[in-house]
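The values are calculated or read from the model by the stated rules, or taken from the named source; none is laboratory data. In this text, all values refer to a predicted model and were calculated from it rather than measured experimentally. These accessible areas exclude ligands, DNA and RNA; they are computed on the full protein's heavy atoms, side chains included. Shrake-Rupley method; radii C 1.70, N 1.55, O 1.52, S 1.80 Å.
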Amino acid sequence: MVFLMICTFLIPVIQVIAGWAMRYHMPKQINSWIGYRTMRSTKDENAWLFANRYCGKLWLMIGTVSLILSAIIGFSCLFFSKKIAAILILGMISVQTLVLLLTIPFVEAKLKRENTSHDKN
């Protein structure tokens, strides 16, 4: 049970740290090791910086909310049976993972709109 509780907090903590790093301390040049790397985001330096800043902003917001919800669920699990608590924790981890992955289409759509508006100018 302790391992599951740690996992529940691990995802949002990593998301907040990575979001902060992407938003405020991203490498200025495209690289293959760190950052938001898709075909669209690595097209040019402006796309790279925009995608990383925007994804970082999303991850900071989502990670913070997820951390608060994890604390609430973690605390409430003290009042449930181990089976119910495990189901709640596994559900929270699943939702955290899904939301983390769902940021990709949002960043890609915003990046596409941003690139389209630059192309028109």
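Results, tabulated for the structure shown:
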{"item": "Accessible area (Å², per residue) of the chain, counting only protein heavy atoms and a probe of 1.4 Å", "result": "65"}
{"item": "In Å, descending, principal axis extents of the Cα set of region 12-57", "result": "29, 17, 15"}
{"item": "Options (i) 7.2; (ii) 10.6; (iii) 7.9 - which one matches mean projected area of the Cα convex hull in nm² as calculated here", "result": "(iii)"}
{"item": "Relative contact order computed over region 1-60 (Cα-Cα under 8 Å; 6+ residues apart), in percent", "result": "43"}
{"item": "Count of lysine pairs in region 36-121 with Cα separation under 29 Å (8 or more residues apart, or interchain)", "result": "9"}
{"item": "Accessible surface of the chain, 1.4 Å probe, proportion on carbon and sulfur as whole %", "result": "73"}
{"item": "Relative contact order (%) - the chain, alpha-carbon pairs under 8 angstrom, separation at least six", "result": "34"}
{"item": "Theoretical gain in end-to-end length, Thr42 to Phe79 [0.36 nm per residue, Cα-Cα removed]", "result": "8.5 nm"}
{"item": "Acute angle (nearest 10 degrees) that the helix 82-120 long axis makes with the longest principal axis of the chain, alpha-carbon atoms", "result": "10"}
{"item": "Degrees, to the nearest 10: 45-76 long Cα axis against longest axis of the chain", "result": "10"}
{"item": "Tilt relative to the chain, helix 2-24 - C-alpha long axis, 0 to 90 degrees, to 10", "result": "20"}
